[in-house]
Protein chains: 2
Amino acid sequence: MNTEDLSLNIAAVERETGLSKDVLRKWESRYGFPLPLRDGHGERLYPVEQVARLRLIKRLMDSGMRPSRLVGRPTEELLALGPRPVLTTPASPGRETIDETLDLLRKHDPKALQRQLSRLLQQQGLRRFVQDSIAPITKEVGESWARGQLEIHEEHLYSEVVQGLLRGALDPLNDPDGRPRLLLSTLPGEAHSLGLLMVASVLALDGAHCISLGAQTPMDDLCKAAGAHDVDAVVLSFSAAFARRRIPPALAELSARLPEGVEIWAGGAGTARLSSQAQVVRLLPTLEAAEEALGHWRIAHPLPGN
Amino acid sequence: MNTEDLSLNIAAVERETGLSKDVLRKWESRYGFPLPLRDGHGERLYPVEQVARLRLIKRLMDSGMRPSRLVGRPTEELLALGPRPVLTTPASPGRETIDETLDLLRKHDPKALQRQLSRLLQQQGLRRFVQDSIAPITKEVGESWARGQLEIHEEHLYSEVVQGLLRGALDPLNDPDGRPRLLLSTLPGEAHSLGLLMVASVLALDGAHCISLGAQTPMDDLCKAAGAHDVDAVVLSFSAAFARRRIPPALAELSARLPEGVEIWAGGAGTARLSSQAQVVRLLPTLEAAEEALGHWRIAHPLPGN
DNA sequence: CAACCATTTTGTCCTGGACAAATGAACACA
DNA sequence: TGTGTTCATTTGTCCAGGACAAAATGGTTG
């Protein structure tokens, strides 16, 4: 009964870690880890320690690392590899606030969560809210999941609530006559849209007109929308999980199909290590870079009236 | 390219229908359906018509039917088998309201969704809100998913928001001195907690004191909590998806382990076809039955003061 | 009518192999 | 130097088909 209490079957591990059963079995045969016990019927039983390590590995992989570097290592080394901040300038909102937020998540209380975050938003203003609260809390949510202190389902809930909040804050502040006019989205295959909304907030605050299409817009729709809304640039976000190899060709294709004169701005952790591609796209690896890009665009495109 | 547009690979079908790859392959070999095409590499390609039928089948199974009766049949017959209302007295809130709600879901806007439902709640009051709005809307959400018009993810979001709303409405109205004192939960394996909250609303409105533990409380905790809170009854909810066979033994065990004098009330679609078990538990197949049970309890337990 | 048991149905897990997609490294070219 | 291409390696997904436990059904009996 000791092992039963402390072990999970393969389906439970898949649920807990997000690693498919196939992957779990393959890793076992290829790397010798995880190496589960077997129950009376020859079925795998994963001790909780192995599950914890798997969760850690999955997290690091989501931030761009590869299994071969991770699967062999002991837990301590994995912890040391922890993700470094990319979009964040961690002027943290304080342990307390973060913990309160996570508690609300665990209680499955979207309403209270919204209240809590709304309050922060009112206190700090959108700009600081995005950079000093949402960025670090999001990071913490991800890490809590890796520690097994949050269910993946709860992470989704967090994401939904924050998106709703940012959209709500963005909407009234979006100047229909603002310039430049920007179309925001992610390409098919890139599900993370939180970073995109954070960029949108910053840009809208600086007076740009942001049209957000949500995540995974097919390239066709993107081009049509760019034409229909007569935008100056298309802003795309790529997380570290997006296959880096596919970014340049995708951007090249988009560049070819987009109406004449429409720029491409690409941001997110996935673009950090990208080679310049200088002529085609402008890279926005950080929120500050996004603001900078906006400034450059304004200098290059002075208002005809002036 | 025609077949590519209109077909999904096995992973996509798993995502769309909630049927695992193993199940999809087994059904193919056992029942001859689904019978996907194959791509150049021998991998399965499911045409959208088959996916739609699978979604329908899954829905019917979730409401208690078995594959052998479903998998062979053509789409029209499946549609005719549609689930009959169990907990609902459909005094529908009107097509319009339902459609608006689903639209908000598809826009992934939890805030607006909450506003919309809050408004309904204010207009109708909790009792009618639960029975005339939440019940039919929930049904529609489920059926929309079966038609492929809603993603499973969006169904989860709906559930979270409604739960938050009901909890919020319930909390202030819960009389700490109310009688009877009720402990509400579901057993491990039963994830559906919406029905439970609906029952809780009705009971709290009638002056009972409801202590809700959320879903999947281990039996140990349930018994301890029953003692600690000195409750008069434990209220459990079983959806049609819960293995019917396991309900009687589970209830028997609980009955044995619960403190002396604590009743068990069992509700939800899963208890509809249950044999009486008369001495041990009280069955609450509908919201009305729950109110009735409350009345009976009050008659059987007159206040000592009177 | 309820409880029990044998039988059938159904879902999950297993092995081990094939192979495509993604990646990194080596190389050629401007 | 930097940019693009090609090839080998790594990694995830899929496949077949068999085993078997869990669940449901349909008698049978008290």
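The values are calculated or read from the model by the stated rules, or taken from the named source; none is laboratory data. Since this is a predicted model, take the numbers as computed values, not measurements. Here the Cβ is made from the backbone with ideal geometry for all residues, glycine too, and neighbour counts use every protein chain on show. Heavy atoms of the whole protein, side chains included, go into the accessibility calculation; ligands, DNA and RNA do not. Shrake-Rupley method; radii C 1.70, N 1.55, O 1.52, S 1.80 Å.
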- Item | Separation of alpha-carbon centers, the range B:196-267 and the range B:159-176, rounded to whole Å | 18
- Query: Quick one: what do you get for the range A:175-300 if you divide its Cα Rg by 2.2 N^0.38 Å?
  - Reply: 0.93
- Query: Share of antiparallel DSSP beta bridges in the protein assembly as shown, in percent to the nearest 5?
  - Reply: 20
- Message: Suppose each label sits 7 Å from its Cα in the direction of the beta carbon; what would the A:Arg298-A:Leu79 distance come out to in nanometres?
- Response: 4.7
- Query: Between copies, how far does the label point of A:Lys107 sit from its twins, in nm, shortest first, when each point is 7 Å from Cα along Cα→Cβ?
  - Reply: 2.8
- Item | Label point 7 Å beyond Cα along the C-beta direction, distances from B:Gly189 to other copies (nm, shortest first) | 4.3
- chain A - percent relative contact order, Cα under 8 Å, separation 6 or more: 14
- Query: Angle between the Cα long axis of helix B:247-257 and the longest principal axis of chain B, 0 to 90 degrees, nearest 10?
  - Reply: 30
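Over all residues in B:163-170, what is the mean tally of Cβ atoms on other chains that come within 10 Å of each residue's Cβ?
For this peptide, the per-residue mean of nearby foreign Cβ atoms is 3.
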- Protein heavy-atom accessible area occluded, B/A pair - total, 1.4 Å probe, Å²: 1200
- Message: Can you list the copy-to-copy distances for A:Gly214, using a point 7 angstrom from Cα toward Cβ, in nanometres, shortest first?
- Response: 2.8
- Longest site-free stretch - chain B; sites: trypsin sites (Lys or Arg not before Pro), DSSP loop, at most 15 other Cβ within 10 Å: B:148-272
- Query: Which whole-Hz ³J(HN,Hα) couplings does the range B:128-140 yield from phi under the Karplus relation 6.51 cos²θ - 1.76 cosθ + 1.60, θ = phi - 60°, glycine and proline marked x?
  - Reply: 5, 4, 4, 7, 9, 10, 4, 4, x, 5, 4, 4, 5
- For the range B:2-80, what is the accessible area per residue in Å² when the probe is 1.4 Å? 59
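Go through B:Ser63, B:Ser29, B:Ser144 and list them by solvent-accessible area, largest first, probe radius 1.4 Å. Don't jump to the answer; show the numbers that get you there.
On the way: B:Ser63 25, B:Ser29 90, B:Ser144 0 Å².
Correct descending sequence by accessible area is B:Ser29, B:Ser63, B:Ser144.
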- Query: Out of residues 5 or more away from A:Cys210 or on other chains, whose amide H comes under 5 Å of its own, with H placed 1.01 Å from N in the peptide plane?
  - Reply: A:Asp175, A:Leu182
- Occluded residues from the range B:104-136, i.e. those whose accessible area drops by 30 Å² or more once the chain is not alone (1.4 Å probe): B:His108, B:Pro110, B:Lys111, B:Gln114
- Query: If you add up the charges near B:Gln163, with Lys and Arg at +1 and Asp and Glu at -1, over every other residue whose beta carbon is less than 12 angstrom from its beta carbon, what do you get?
  - Reply: +1
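In the neighborhood of A:Cys210, defined by Cβ-to-Cβ distances under 12 Å, what is the net charge if each Lys or Arg adds +1 and each Asp or Glu adds -1?
-1
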- Got a sec? Which residues in the range B:118-132 would a label at B:Asp206 touch, if it sits 7 Å along Cα→Cβ and we count backbone N under 15 Å? B:127-128, B:131
- Query: In whole Hz, what ³J(HN,Hα) sequence does the range A:118-127 give by Karplus (6.51, -1.76, 1.60; θ = phi - 60°), x for Gly and Pro?
  - Reply: 4, 4, 4, 4, 4, 5, 9, x, 4, 4
- Entries in A:Lys139/B:Lys107; A:Lys111/A:Lys139; A:Lys224/B:Lys58; A:Lys224/B:Lys107; A:Lys21/A:Lys111; B:Lys107/B:Lys139 that, when Cα-Cα distance is taken, lie over 31 Å: A:Lys224/B:Lys58; A:Lys21/A:Lys111
- With θ set to phi - 60° and the Karplus curve 6.51 cos²θ - 1.76 cosθ + 1.60, what are the ³J(HN,Hα) couplings of the range B:229-239 in order, to the nearest whole Hz, using x for Gly and Pro? 8, 6, 8, 8, 8, 9, 9, 10, 10, 10, 7
- Query: Which chain A residue comes nearest the axis with its C-beta when you rotate A onto B, and by how many angstrom?
  - Reply: A:Pro110, 3
- Return a whole-number percent for the relative contact order of the range B:2-80, with Cα pairs under 8 Å and 6 or more residues apart as the contact set. 30
- Taking protein heavy atoms only, a 1.4 Å probe, and rounding to whole percent, the accessible area of chain A owed to carbon and sulfur comes out at 51
- Using modelled amide H (1.01 Å from N, peptide plane; none on Pro or chain starts), what sits under 5 Å from the amide H of A:Leu284, excluding residues fewer than 5 places away? A:Ala266, A:Gly267, A:Gly268
- Task: Calculate how many DSSP beta bridges within chain A are antiparallel, expressed in % of all such bridges and rounded to the nearest 5.
- Result: 20
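Across peptide A:188-201, what mean number of C-beta atoms from other chains lies inside 10 Å of a residue's C-beta?
The shielding value for this peptide is 0.
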- Query: Amide H to amide H under 5 Å from B:Tyr46: which residues, 5+ apart in sequence or cross-chain, H placed 1.01 Å off N in plane?
  - Reply: B:Leu8, B:Asn9
- Per q in 0.12, 0.20 1/Å, what log10 I(q)/I(0) does a Debye calculation on the alpha-carbon atoms of the range B:2-80 return? -0.31, -0.85
- Item | C-alpha long axis of helix A:219-228 to longest principal axis of chain A, angle in ° | 30
